[in-house]
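These notes concern the structure reproduced below.
The values are calculated or read from the model by the stated rules, or taken from the named source; none is laboratory data. Keep in mind the model is a prediction, meaning the values are calculated, not measured. Here the Cβ is made from the backbone with ideal geometry for all residues, glycine too, and neighbour counts use every protein chain on show. Quick note on the areas: whole protein, heavy atoms, side chains included, nothing else; ligands and nucleic acids left out. Shrake-Rupley method; radii C 1.70, N 1.55, O 1.52, S 1.80 Å.
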Amino acid sequence: MSTLLQDLRFALRGLAKARGFAAVAILTLAFALGANTAIFSVVSAILLQPLPFQQPRELMTLMAKSPQLTREWTSWLNFRDIRAQSKTIDRMVAFAPTESFLYQLGGEPEKFQGSLVTADLWPMLGVQPALGRGISAAEDVPGHAPVVVISHEMWQRRFGGDPAIIGRQIRLGSKPKTVIGVMPPGFKFPIELTRTDFWTSLGQAVPPDGGGRGSEWMRTAVRLKDGVSLEQANSELKLLARRLETQNPDSNASLTFFMLPLHASLVQAVRPALLVLMCAVGVVLLIGCANVANLLLARAAARHKEVSIRSAVGATRGRIIFQLLVESVLLSVVAGALGLLLATWGVDLLVALAPAEIPRLDAIAVNRTVLLFTFALSVLTGVVFGLAPALSASKTNLVEALKDGSRGSTEGRGRNRIRKTLIVSEIALSVFLLAGAGLLLRSFMRLSDVDAGYDYKDALTVDVVARSAVFPKPEDLVQYAKRAREELSAIPGVTAVTSTNRLPLVDETGSSSTFEIVGAPPFASGQAPSATFVIVGPGYFSTLGIPILRGRAIGEEDGPNAPHVMVVSESFVRRHMRNENPLGRKIDLGEGSGPRTIVGVARDVRIVSLNEEPASTFYYAHAQWPNTRMQFIIKAPNAASLAASARAALRKLDREQPILAIRTLEEIRSESLGSQRFMLVLNGTLAALALILAAVGIYSIMSYMVTQRTPEIGIRMSLGAEAHDIFRLIVGQAVKLVAIGIVAGVVFALAATRIMSSLLYGITATDPITFISICFIIGAIALLATYVPASRATKVDPLVAIRYD
């Protein structure tokens, strides 16, 4: 310990004397370590930290799989039967997202996000309310007086932390609900939601007949019994699925169930992107290490005499290496502390930029785990970049040093080889990182240019829920929609108004239905395909600029008492009707209202996302399928400025009208690209940082090597070499190193970027345009960094250079 303290004091004195060197090295490493710390804090919170519940490893999610797709959603009847018949499940909870407005006298209705849950939620998670209690089994049934558990944040913000809230009735939604509990601070379930403000009974929302086994509108969380493995649970689920298929051949044919760990199911969509980011910041750190290693090599040359004296007085090579490593680790730890400060700011920025669909954003923080990671990484970094210079500096064979360091070079060929290797490595790593960023940029550009099939310019959307207390009957909803369109159309400047229950590119779940084509051979039991359905008002297609390719659009004539009709998408005709004329054909959706006649074929629209092919889609008339959820679309020049007018128009029909959101279609389209934009910004920032570090490294190394070759340059010039010959000599050496680095980087990148395939759209991981572009950029910047040292070399005075030592 005394030896270590002695070496630390010596290292501090040495660095204090070389303030310029220390500042450059610490800043270089601080940015690299700070980036690693910030990204690790994200990875730790999302991928590594267990869920904040009791025994989280035993928590699972139930998945349903049919020949068409695999999904997390299931029906109430299948959930009920699995829960009742399973021997491996301890507790099983169904849940589904919901929204409600809180009404208070004299105030604007405020929207809150909640979750419908079954009563076993609290004992399953092992978390109890801070005040009151959770929902009981007796309260989780149709007909019971509605109760609600609220979040700590909602309790504080909306009710001032009043402890008398327990037992009070609040107007949350269409019916008053009694508050029976307040959850502890920070509690959230489902865990992936941005926030959950309240929890209320799912059992009360289940239709009397259970909604049918094909109505998959809820998700499921499971706690396994003690000692039960995931393999045992999945084996039992296979048997239960076959039993349910035998009992319900029409709905459950070929339907199987399996479980995944709840944590794994939450993060599986973002895991590839986060691993790519960890690789990227690791590359930045390696480039930073290469830069500082070169600085240490130059410093080692200046300390050659000092090291020789230490060796002469008895210091072993191991002792010298240890002392030099203490100095490099000290540099790295100081840089790590500064990087930690930068990471604290960076984490706040990451959370602000991150799209809402990334789970567990609220758990991201610079905590004890992150501190330990930064310290360990700092020590490891100090050893990595300090080892080669320490080994080189500890060679003290004076005779060999004099041979290797003859006139014209003040240090040996061995150190120059290390420098050249580091230059090549920096360039190769920069190529790799820039290739990843370039691929994401090209992919984002392709995705941004995708034609979604509709006109999103100059369109404002108003998302509302018609209150059942004011509009209780289906015919009331039809009249409300019609009057709302009339009021909105009367706003000055409005050119068209329509309505729908689902806007393009808005993430929705459960908006699909299986079907049968009347007159065609029936699908095999359980093999019926599904199509996305959209409920639309008159003028929907013309307002959004969606061409009708055959037949007609849905119009005012398609009222409640008219024959039930639908418009289908061209992909539906192509996939399910073999491109035959669909007009007049009937589609049976099995919802009890009888078959619907196809009256038109619309151009494909990307309903789900820009990077997914258009889904087979049905369009129904709102008047023939009334829905309380309506999203009005208003077309007008400068439509975004009409938000206040639209709100006032709807309040004429219901002064307490809940308005969920007001956004333009352009904003919705931009938000749909949030994940891709986030990855692009992060990878682009890291690539730019790597490029700057590499350019600085090339410049400093070439400058140092020119200085070391000053005597040689003087001799060449005294023998008749012209300035352009010296310039060509220096640049030629740099070009050779840059070319080797680019080739090595391209080979590495071609192999490694394949892991990014799932993040790309419209291009491959070996896109030639991207690789050619990044090779040109890297080459140009590397040569630019070489230009200044090469120009300086041409201005060397031969007489001064020959005397240079």
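By the Stokes-Einstein formula, at 1.002 mPa s and 20 °C, the stretch 146-253 with its Kirkwood radius over alpha-carbon pairs has D equal to 123 µm²/s.
Which of the peptides 578-586, 171-179, 489-497 is most tightly packed, and how do the rest follow, judged by the mean count of other Cβ atoms within 10 Å per residue?
Order by mean packing, descending: 171-179, 489-497, 578-586.
Charging the Cβ of each Asp and Glu at -1 and of each Lys and Arg at +1, and nothing else, the dipole of the stretch 617-775 about its Cα centre rounds to 560 debye.
When the chain is described by a simple charge dipole with +1 on each Lys and Arg Cβ and -1 on each Asp and Glu Cβ, the residue from Leu244, Gln113, Leu691 located farthest towards its positive end is Leu691.
Step through the table entries Lys65/Lys87; Lys457/Lys652; Lys473/Lys635; Lys188/Lys473; Lys482/Lys586, compare each Cα-Cα distance with 24 Å, and write down the pairs that go over it. Long pairs (Cα-Cα over 24 Å): Lys457/Lys652; Lys473/Lys635; Lys188/Lys473; Lys482/Lys586.
The Cα atoms of the stretch 646-729 cover 96, 19, 16 Å along the three principal axes, with the biggest extent listed first. Could you grab the relative contact order for the chain? Cα pairs under 8 Å, six or more apart, rounded to a whole percent. Once divided by the residue count of the chain, the mean separation gives 16 percent.
Protein heavy-atom accessible surface, 1.4 Å probe, per residue over the chain: 44 Å².
A Cβ-based charge dipole, computed about the Cα centre of the stretch 606-702 with Lys and Arg at +1 and Asp and Glu at -1, lands at about 400 debye. Using C-alpha pairs under 8 Å with a sequence gap of at least 6, the mean separation divided by the residue count of the stretch 595-749 gives a relative contact order of 11 percent. Its Cα gyration tensor gives the stretch 1-114 an equivalent ellipsoid, and the semi-axes of that ellipsoid, as √(5λ) in whole Å with the largest first, are 56, 26, 16. Put a dot 7 Å past the Cα of Glu72, heading toward its Cβ, do the same for Gln113, and the two dots end up 1.3 nm apart. Atom-type composition of the exposed protein surface of the chain places 60 percent of the accessible area on carbon and sulfur (1.4 angstrom probe). At q = 0.11, 0.14, 0.23, 0.28 Å⁻¹, work out log10 I(q)/I(0) for the stretch 133-200 with the Debye formula, treating every Cα as an identical point scatterer and leaving solvent out; two decimals please. Log10 of I(q)/I(0), two decimals: -0.25, -0.41, -1.06, -1.36. Across the stretch 1-146, Cα pairs under 8 Å and at least six residues apart give a relative contact order of 13 percent.
Rg and Dmax over the alpha-carbon atoms of the chain stand at 33.9, 106 Å. Here the dipole of the stretch 75-137 is about 300 debye; that uses its Cα centre as origin and unit charges on the Cβ of Lys and Arg (positive) and Asp and Glu (negative). Of all aspartates and glutamates in the structure, the ones whose alpha carbon falls short of 14 Å from that of Lys795, not counting any fewer than 8 places away in one chain, are Glu712, Glu722, Asp725. Taking 16 Å as the straight-line reach from the Cα of Lys175, the lysines in range (excluding those fewer than 8 positions away in the same chain) are Lys111. Between Ala352 and Gln49, the modelled label-to-label distance comes to 2.1 nm, taking each label 7 Å out from Cα in the direction of the beta carbon.
Membrane-span-like helices of the chain, defined as complete DSSP H segments with a Cα extent of 30 Å or more along the helix axis and a mean Kyte hydropathy of at least 1.6, are identified as 19-43, 271-302, 317-353, 368-393, 723-752, 768-793.
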